[in-house]
C-alpha cells in the first residue's frame, strides 16, 4: 500500500501541474525520461541480483537494452525518411517485437515463482 502511495502521489502532482498550471513539454520529457531511467536501473538490479538462481534473469537486461536503443529514436528526433517514416513512428515500430520477449520473461518468472513458492503458500494456509 505504502509503495503504491509513494508512486501515485508524484504521478498525480505531475499530471496536475501539466493539466492545471502549465503544460511544459520539456519538463514532461525530463520527468518521463527520469522515470524511465529509474525503471531500467531497477530491472538491471533485479537481473543482477537474481542471476544465480533464475536462469532467465538476463532477459530483462535485454529488454532494457532494446528499449534504450529504441528510445534513441524518440529522443534524437529526425525528419521523416522518404517523407514517410519519422522518428516517432519508428519508435513505435521498434517496440512491437519487444512485447513477446517481455511476456515470455513474465511467463518464465511466474512459473519459477509458482514452482518455488508452493511450500510457502501451503504452509501459510495451514495457519
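Structure summary
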quantity: Boolean, residue 64 is closer than 24 Å to residue 7 by Cβ and touching a residue at least 24 places away in the same chain (Cβ under 8 Å); calculated: yes
quantity: Criterion: touching a residue at least 40 places away in the same chain (Cβ under 8 Å) and under 30 Å from residue 107 (Cβ atoms) - qualifying residue of 70, 33; calculated: 33
quantity: Residues that are over 13 Å from the mean Cα position of the chain (by Cα) and surrounded by 15 or more Cβ atoms within 10 Å (Cβ to Cβ), drawn from the stretch 16-52; calculated: 17, 18, 31, 47, 50
quantity: Conditions (1) modelled with pLDDT of 90 or more; (2) over 24 Å from residue 110 (Cβ atoms); (3) out of contact with any strand residue (DSSP E or B) (no Cβ under 9 Å at 6 or more places or on another chain); number of the one not met by residue 90; calculated: (3)
quantity: Criterion: exposed (fewer than 12 other Cβ atoms within 10 Å of the Cβ) and either out of contact with any strand residue (DSSP E or B) (no Cβ under 9 Å at 6 or more places or on another chain) or within 24 Å of residue 110 (Cβ to Cβ) (or both) - qualifying residue of 55, 60; calculated: 55
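The values are calculated or read from the model by the stated rules, or taken from the named source; none is laboratory data. Because the structure is a prediction, the values reported are computed rather than measured. Reconstructed Cβ throughout: ideal geometry from the backbone, glycine too, with neighbour counts over all protein chains shown.
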